[in-house]
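Some notes on the structure that comes next.
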Amino acid sequence: MPLYRDEAVVLRTHKLGEADRIITLLTRQHGLVRAVARGVRRTSSRWGARLEPFTHVDLQLAEGRSLDTITQAETVTPFAQKVGEDYDRYTAGTVMLETAERLVAEEKEPAVQQFLLLAGALRALVAGREGSDPAQVLDSYLLRALSVAGYAPCFDGCARCGLEGPHRWFNPGMGGVLCATCRVPGSSSPAAETVTLLSALLTGDWATVAASEPRARREASGVVGAYLAWHLERGLRSMAYVER
């Protein structure tokens, strides 16, 4: 069987037989990959901890007809340990993993930007950023991941006519903020501070994020959640456990 090497973030695992697991991976060069890890559930396995969700690994895999097989695994960054130490980090990280899998729908299709974005978000999640908490890191990741997938929200100008803002209306189905002329039924009206925060989360302006008020952060999280749910067409199971 042909062999190939890649780095990946482990998204989730499933039991297979008595000792194996199916590992779902977001790889740097091969996109979404599902592979079998033989014997990882045995207590004598050297790979068990290396193939847990959140772990950034360097892998060698053998190509298969339906599932590839992992033949070597080395830990690059053990995100799982630090993510698991804090409930808010863990729940935020779980949403990131589920989102990444949903947005990279085609297996074996390169998704370098999504991989780099997820790895960077997990790194920020465990390291912490000044003035931010897991909720803000998560919201920033979600907005950027949606943008990479082709669903970039517009917060500075009207998403429909392009008129420069600020604007007071927001509609996920229209792709962002709307002017009074383009407003459609069902649009929400977030505070001006919330729209500023959303733009900062999308662009990575962490100084503005740090200066934001708790009320704006809560409202921004609601807007991000609505935008994500609209474009994924169905909600994320893991989102129910995130305190927002």
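The values are calculated or read from the model by the stated rules, or taken from the named source; none is laboratory data. Everything numeric in this text was worked out from a predicted model, so none of it was measured. Here the Cβ is made from the backbone with ideal geometry for all residues, glycine too, and neighbour counts use every protein chain on show. Note: areas computed on protein heavy atoms with side chains; ligands, DNA, RNA excluded. Shrake-Rupley method; radii C 1.70, N 1.55, O 1.52, S 1.80 Å.
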> Mind checking which helices in the chain clear 20 Å along their axis (Cα) and have mean Kyte-Doolittle hydropathy of 0.5 or more, DSSP H runs only?
Replying inline: 112-127, 134-148
> If each of ARG12 and GLN60 carries a label point 7 Å out from its Cα toward its Cβ, how far apart are those two points in nm?
Replying inline: 3.0 nm
> Mind listing which GluC sites (Glu not before Pro) in the range 169-244 are in a DSSP loop and have 15 or fewer other Cβ atoms within 10 Å?
Replying inline: GLU233, GLU243
> Any idea of the accessible area per residue across the chain, 1.4 Å probe, to the nearest Å²?
Replying inline: 50 Å²
> For the range 88-244, what is the charge dipole size about the Cα centre, in debye to the nearest 20, if Lys and Arg each add +1 at the Cβ and Asp and Glu each add -1 at the Cβ?
Replying inline: 220 debye
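Considering only the other residues whose Cβ falls under 9 Å of the Cβ of SER221, what net charge follows from Lys and Arg at +1 and Asp and Glu at -1? Could the numbers behind the result be given before it?
Details: positive: ARG217, ARG218, ARG244; negative: ASP139, GLU219.
Charge balance in the 9 Å sphere: +1.
Starting from the range 1-80, pick out the GluC sites (Glu not before Pro) whose DSSP state is loop and whose Cβ has at most 16 other Cβ atoms within 10 Å.
GLU18, GLU63
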> Given q = 0.12, 0.13, 0.18, 0.28 Å⁻¹, what are the Debye log10 I(q)/I(0) values for the range 94-165, with equal point scatterers placed on the Cα positions and solvent ignored?
Replying inline: -0.39, -0.45, -0.76, -1.24
>> Using Cα-Cα distances under 8 Å and only pairs 6 or more residues apart, what relative contact order does the range 116-244 have, in percent?
In response: 23 percent
> What's the FRET efficiency of ASP133 with VAL76 using the Cβ-Cβ distance as r and R₀ = 22 Å, to the nearest 0.05?
Replying inline: 0.30
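Hey, got a sec? Which trypsin sites (Lys or Arg not before Pro) in the range 1-99 land in a DSSP loop and have at most 10 other Cβ atoms within 10 Å?
Sparse-neighbourhood loop trypsin sites (Lys or Arg not before Pro): ARG46, ARG65.
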>> Rounded, prolate or oblate, given the Cα gyration tensor of the range 54-133, with a/c below 1.5 counting as rounded?
In response: prolate
> Carbon and sulfur together cover what percent of the accessible area of the chain at a 1.4 Å probe radius?
Replying inline: 49 percent
> For ASN171, what charge total do you get from the other residues with a beta carbon under 13 Å from its beta carbon, if Lys and Arg give +1 and Asp and Glu give -1?
Replying inline: +3
> Ranked by accessible surface with a 1.4 Å probe, highest first, in what order do TRP206, TRP230 come?
Replying inline: TRP230, TRP206
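With only alpha-carbon pairs counted, each pair once and no self-pairs, how large is the Kirkwood hydrodynamic radius of the range 87-134 in angstroms? List each step's numbers first, then the result.
Details: mean 1/r = 0.0861 Å⁻¹.
Evaluated over the range 87-134, this radius sits at 11.6 Å.
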> So which residue, out of SER189, SER140, SER66, gets the largest mean-square fluctuation from a GNM of the chain using Cα contacts under 10 Å as springs?
Replying inline: SER66
> Once amide H atoms are built 1.01 Å from N in the peptide plane, which residues 5 or more positions from LEU16, or in another chain, come under 5 Å H to H?
Replying inline: ARG21, ILE22
> In whole angstrom, and with the biggest value first, how far do the Cα coordinates of the range 116-211 range along each principal axis?
Replying inline: 44, 28, 21
> Dipole size in debye (nearest 20) for the range 53-147 around its Cα centre, Lys and Arg Cβ +1, Asp and Glu Cβ -1?
Replying inline: 120 debye
> When you take every Cα atom in the range 1-115, what is the radius of gyration, and what is Dmax, the widest Cα pair distance, in Å?
Replying inline: 13.4, 42
> In nm², what is the average projected area of the convex hull enclosing the Cα atoms of the chain?
Replying inline: 13.9 nm²
